[in-house]
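What follows draws every value from the coordinates through simple rules; no lab data is involved. Since the model is a prediction, treat every value here as computed from it, not as a measurement. Using ideal geometry, Cβ is built from the backbone for each residue, glycine included, and neighbour counts are taken over all protein chains shown.
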Amino acid sequence: MTPTRVLIEEHELIEHALAVLDGARQLMMSGGGVPMGTFEKVLAFFHSFAVGCHQAKEEQVLFPLLKGKPIPFVLQERGQEQALLGSMVEALPELCTSAAARSRFAHSAAAYRQLLRHRIAQENAMLQRLESGVLTVEESQDVLQGFSGYQSAQVDSLSSWAAGLERGGL
């Protein structure tokens, strides 16, 4: 498997988790209850997998090899993503008792989903261009080796959880 294919497949897992976040957000805002377990799991996924593993692979392993090659947009949006994720985490303890917290969480979740989906589309286009030979075979092997340093039992568990979302599991 190529490094670009690894990242594209991880984007698919992130997209599944975004769909779960959006569905739970809509349920909460329609008065159908506050699915705390779902929110906790999906926020843990974004924090540990999307940020701690996936983004680290991009920023620490792949992007340094692309010096001199265009890496637009990607790093510019990380701060905004972190702020939105932080806003959801801060609102989480009060979701069951505060309409203001539910509103703040819902707004942040919708903005986070929109931002990530847009960036994933941009990154996938960039990654597909990279598949056409920008990286040498040796560089690809080095990147895959570097990626392995970001795997852990927790990351594997969250990755399996997100993969199960495609099959309708929670």
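Could you give the radius of gyration (one decimal) and Dmax (whole number) of the Cα atoms in the chain, in Å?
Cα-based Rg and Dmax for the chain come out at 16.9, 55 Å.
Could you tell me which trypsin sites (Lys or Arg not before Pro) in region 86-170 are loop residues by DSSP with no more than 10 other beta carbons within 10 angstrom of their beta carbon? Kindly include the intermediate steps, with their values, before the conclusion.
Numbers: sites: R102, R104, R113, R117, R119, R129, R167; in loops: R167.
Qualifying residues, ordered by number: R167.
Can you tell which of S160, S48, S132 shows the greatest fluctuation in a Gaussian network model of the chain with Cα springs below 10 Å?
Sorting by GNM fluctuation, first place goes to S132.
Could you work out the helix-only [θ] at 222 nm for the chain, with each DSSP H run of four or more residues adding -39,500 (n - 2.57) and the total divided by the number of residues, to the nearest 500 deg cm²/dmol?
Values: 6 runs with 107 residues, N = 170.
Rounded to the nearest 500, the figure is -21500 deg cm²/dmol.
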